[in-house]
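Contents: one structure, followed by commentary.
Bear in mind that the values in this text are calculations on the coordinates, not laboratory data. Computed from a predicted model, the values in this text were never measured in an experiment. Here the Cβ positions follow ideal geometry from the backbone for every residue, glycine too, while neighbour counts run over all protein chains shown.
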Amino acid sequence: MSIKSVLKYGNKKLAAVSKTVTEFSTPYLRALIQDMQETMKTKGGIGIAAPQIGVNLRIVMFGFEKSERYPNEAPIPFTTLVNPVIEVLSDAMSDGWEGCLSVPGLRGLVPRYLNIQYHGFDIEGKVISRIANNFHARVVQHECDHLDGILFPQRIQDMRYFGFEDEILGVHQ
Ligand code: NI
């Protein structure tokens, strides 16, 4: 296991639609998930998707106790999700600031659904199903977007609210 470099916006692998995982509990999958975890922790992220380290498989992970990048947000249980599916539970959306390890130094204001249920599997193939609201729901939507080749700048509706985080955090927080 090792810390991987994170691909940056513009890399073709980030724009690809990732493939469904068909085999669980494999040494390959375990090693991949450890690499994702180490990379995410080292870079200070609260979520990462497999394509960000160059692997186009439908795997995301997220979660934190305390985040320097998002100091005002409530903790999210640490979760690895394989083949995730999101079900939107209400039409309610809100705008929130997002960043991404693949878009270093930048933040944008992105609308996301507030209430979702997500389904998927852990690496053993056991079903995970959870209702998530607010920031938890936002993070899951952001990570799952990566599996369809979508990065947060593509979700920004008003490009005035996209810029460098040192500038934005100074103005808006
Ligand atoms: Ni991201």
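So the values come out like this:
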item: Estimated distance in nm for a label pair at residue 17 and residue 34, the labels positioned 7 Å out from Cα along Cα-to-Cβ; result: 3.3 nm
item: Degrees separating the helix 27-43 axis from the principal Cα axis of the chain, which is the longest one; result: 20 degrees
item: Segment residue 91-residue 160, extension gain: residue separation times 0.36 nm, minus the distance between their alpha carbons; result: 22.4 nm
item: Cut-off 20 Å (backbone N to label point 7 Å along Cα→Cβ of residue 68), residues of the stretch 2-24; result: 3-7
item: Neighbour count of at most 16 Cβ within 10 Å plus DSSP loop: longest trypsin sites (Lys or Arg not before Pro)-free window in the chain; result: 9-65
item: The stretch 103-150 shape via C-alpha gyration tensor axes, a/c threshold 1.5; result: oblate
item: Calculated log₁₀ intensity ratio I(q)/I(0) where the Debye formula runs over C-alpha points of the chain, q = 0.17 Å⁻¹; result: -1.07
item: The stretch 1-53: C-alpha gyration tensor shape, a/c 1.5 cut-off, then a/b vs b/c; result: oblate
item: Lysine pairs in the chain with Cα atoms under 29 Å, if 8 or more residues apart or on separate chains; result: 24
